[in-house]
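Chemist: Shown below is the structure under consideration.
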Amino acid sequence: MVTSSAPTNPPSPAAATVMPAQKSASPPKRKRGRESKRALRERLGEIVSGLRATYPEAECALEYRSAWELLVATILSAQCTDKRVNMVTPALFERFPTVEAFAAAPREELETAIRTTGFFRNKAKNIQGAAHVLLEKFGGAVPNTMAELLELPGVARKTANVVLGVAFQVADGVVVDTHVSRLSQRLRLTREKEPTKIERDLMQIVPQSDWIDIGHLLIHHGRALCTARKPACGECPLQDLCPSAALYLDG
Ligand code: SF4
């Protein structure tokens, strides 16, 4: 069950506006709307519990059979739905079954095979570039460290976190995609807008043991209820924990 803690002894509006700054024996009151790190961590713990109860099966929706296939699928998922990627990858991996096959593939053929995922020229270039780097530097195997993954063309922290967390169960960071960005802001887990800064904030308040799960959970919630266009706050299990609920419910 998810609950919220109501503020105790709220200041009276009169006291807040009339009282000048004087020395007082009572402790300074917290600024309205400001949440301590401790309170934020507690609220976050309830958010994670609420999401786990709602989405017990939450995991990566991309279909893959190896770390390499997951890497390719994740590169293809940029600006594209996982559903669309899953429609494309079976034929793609049948046509190019190995890293070597991707490296040797005629570029146009590769582009045609992934065209429906969008940005296909850039994606084909990055996938083929990654295949070459894997063969030249890593013996054809996908590495399992953030620093090594970031050496691959087309791989930034989001893709690297997906591969590390899902293929290797390595919690090196938090996946921040469009859903995680949006929900982290609505839930006031961060005030940042850039993915790398959002990830940094989340890593400071989420226990490392939850770094992998929280990405899956927020992505599921973003798809199911807290959608970009119209969040379904009335049905949301996090309603009491979410500072944005009133905004959308009233609006
Ligand atoms: S209460 Fe609304 S805005 Fe907050 S997480 Fe739920 S659906 Fe999203």
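We did not get these values from a lab; they are worked out from the coordinates using the rules stated. This is a predicted model, so every value here is computed, not measured. Quick reminder, even Gly has a Cβ in these numbers, built from the backbone with ideal geometry, and neighbours come from all protein chains shown.
Chemist: Using the Cα gyration tensor of the range 67-167, with a ≥ b ≥ c the square roots of its eigenvalues, what is the shape: rounded (a/c below 1.5), prolate (a/b larger than b/c) or oblate (neither)?
Modeler: oblate
Chemist: Which of ALA103, GLY154, PRO143 sits closest to the plus end of the dipole of the range 67-167, meaning its Cα is farthest towards the positive end, when Lys and Arg get +1 and Asp and Glu get -1 on the C-beta?
Modeler: GLY154
Chemist: Work out the length of the dipole vector of the chain about its Cα centre, built from +1 on the beta-carbon of each Lys and Arg and -1 on the beta-carbon of each Asp and Glu, and round it to the nearest 20 debye.
Modeler: About 1380 debye.
Chemist: Compute the helix-to-body angle for 211-224: its Cα long axis versus the longest principal axis of the chain, expressed 0 to 90° and rounded to tens.
Modeler: Once rounded, one gets 90 degrees.
Chemist: Go through 60-69, 167-176 and give me the packing order, highest mean Cβ count within 10 Å leading.
Modeler: 167-176, 60-69
Chemist: Grab the DSSP H runs of the chain that are 4 residues or longer, score each as -39,500 (n - 2.57), total them, divide by all residues and round the 222 nm result to the nearest 500 deg cm²/dmol.
Modeler: Roughly -15000 deg cm²/dmol at 222 nm, from the helical runs in the chain.
Chemist: Karplus couplings for the range 110-116 from phi (6.51 cos²θ - 1.76 cosθ + 1.60, θ = phi - 60°), rounded to Hz, Gly and Pro as x?
Modeler: Each residue's phi maps through the Karplus curve to give 5, 4, 4, 5, 10, 3, 6 Hz.
Chemist: If contacts are Cα pairs under 8 angstrom and at least 6 residues apart, what is the relative contact order of the range 82-209 in percent?
Modeler: Working: 115 pairs, mean separation 18.5, N = 128.
In percent, rounded to a whole number, it is 14.
Chemist: Further question on the same structure: Under the definition of Cα pairs under 8 Å and six or more residues apart, what whole-number percent is the relative contact order of the chain? Don't skip to the end; give the middle numbers.
Modeler: Details: 270 pairs, mean separation 52.6, N = 251.
Reported as a whole number, the value is 21 percent.
Chemist: What does the C-alpha gyration tensor say about the overall shape of the range 174-250? Classify as rounded when a/c is under 1.5, otherwise prolate if a/b is larger than b/c, or oblate.
Modeler: prolate
Chemist: What do you get for the angle between helix 120-137 and the principal long axis of the chain? Use alpha-carbon atoms, 0 to 90 degrees, nearest ten.
Modeler: With rounding to tens, the tilt is 80 degrees.
Chemist: For the cross-link pairs LYS193/LYS230; LYS158/LYS197; LYS158/LYS230, which exceed 22 Å when the distance is taken from alpha carbon to alpha carbon?
Modeler: Too far apart for the 22 Å limit: LYS158/LYS230.
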